[in-house]
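Some notes on the structure that comes next.
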Amino acid sequence: PGSTFKPITALIGLKNNAFTADEDFGSEGHEWQKKDSWGAYHVTTLKTYEPVVLKNAIMYSDNIYFAKVALKTGRNHFEKTLDVLGFNSQLPFEINMGKSKYSNTGHIETEIQLADSGYGQGQILMNPLHLATLYTAFVNQGNVLEPTLEYEKNYVPKVWLANAFSEKDINSVLEGIKLVVNNPNGTGYVAYNEEVDLAGKTGTAEIKSSKDDTDGTEIGWFIVTSTDDTENPLLLLSMVEDVKNIGGSAYVAKKDAEILNEWFK
């Protein structure tokens, strides 16, 4: 899922009291490692900014920040919370879907793998429907809704995971994903819409066999949701394969902007 997973990492860290939304992690430049035993491996990020707090880390999509959140949370809390959120389980849906998982072996094996997992890399695999379902918590007071296949005009939503997150934690992360779409520095600003308040997250996931693999492909993601009481609310997730040479997640966000403009106008 790449960076679309970062808001989930943030919610997990907040839920486990691993950090606070206004805690300044400090700028590390464009690369960072926790300790020398990581050898040549560094977590890299594209932009520097201050202060290094949650809302800005989401807006600038800072890999280093979310690697640190995962490490602060710890492997056990990280894995257990993901299990509660439906990882390694079947979604409550009319069609059997592939299960999301955080490791090929059933457990996150190393600190580096945990750090990479924090920003949606490592061995994190997510079913797109599962990801979209977890994002319903941002507009339902921390409750995760149950997905359904068939449209019904007067459908009454069913809650799948009640009180998965506190409203305080939801609002802290929501502030950041709103900036993604509404701030000119946000990675999803191309989808900004004057007609409705939106929040979302882009993601460009690298699919490669190792850090040194230069031939790997990229998957582009964009997830966006209306956040106010609009007459026609919408949560939209798109994923496009092989976006490496066509603009990454920006390509996806631009295409979705056309859908959003048509939907809300």
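If I take R0 = 22 Å and measure r between the Cβ atoms of residue 197 and residue 20 in this structure, what FRET efficiency does the formula 1/(1 + (r/R0)^6) give, to the nearest 0.05?
Working: r = 25 Å, r/R0 = 1.14.
Approximately 0.30, to the nearest 0.05.
Roughly how many Å² is the accessible area per residue of the stretch 161-229, as a whole number, for a 1.4 Å probe? Write out the running numbers ahead of the final one.
Values: 3320 Å² over 69 residues.
With all protein chains present, the stretch 161-229 gives 48 Å² per residue.
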Computed over the chain: longest principal axis from alpha-carbon atoms vs helix 167-182 long axis, angle to nearest 10 degrees, is 90
Note down the nm distance, to one decimal, between modelled labels 7 Å out along Cα→Cβ at residue 27 and at residue 148.
5.0
With n ≥ 4 as the cut-off for DSSP H runs, can you work out [θ] at 222 nm for the chain, using -39500 (n - 2.57) per run divided by the number of residues, rounded to the nearest 500?
-10000 deg cm²/dmol
Just to confirm the filter: which GluC sites (Glu not before Pro) across the stretch 221-261 are DSSP coil and have at most 16 other Cβ within 10 angstrom of their Cβ?
231
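Please state the relative contact order of the stretch 126-190 as a whole percent: Cα pairs under 8 Å, 6+ residues apart?
Values: 67 pairs, mean separation 16.1, N = 65.
It comes to 25 percent, rounded to a whole number.
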May I ask you to compute the full-extension gain from residue 208 to residue 163, defined as 0.36 nm times their residue separation minus their alpha-carbon distance, rounded to one decimal in nm?
12.6 nm
Return the single residue from 58, 95, 112 with maximal mean-square fluctuation; model: Gaussian network over the chain, springs between Cα atoms under 10 Å.
95
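Measure off, as a whole percent, the carbon and sulfur share of the 1.4 Å-probe accessible area of the chain, all protein chains present.
Roughly 46 percent, rounded to a whole number.
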Kindly provide the GluC sites (Glu not before Pro) of the stretch 70-141 that DSSP labels as loop, not H, G, I, E or B, and whose Cβ sees at most 15 other Cβ atoms within 10 Å.
94, 109
The answer for the longest stretch of the chain without any exposed chymotrypsin sites (Phe, Trp or Tyr not before Pro) (DSSP loop, at most 16 further Cβ atoms within 10 Å) is 193-265
Percent RCO, i.e. relative contact order, over the chain, from Cα pairs under 8 Å lying at least 6 residues apart
18
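The values are calculated or read from the model by the stated rules, or taken from the named source; none is laboratory data. It should be emphasised that the depicted structure is a prediction, and the values quoted were computed from it without experimental measurement. Please note: Cβ atoms are built from the backbone with ideal geometry, for glycine as well, and neighbour counts cover all protein chains shown. For accessibility, only protein heavy atoms count, side chains too; no ligands or nucleic acids. Shrake-Rupley method; radii C 1.70, N 1.55, O 1.52, S 1.80 Å.
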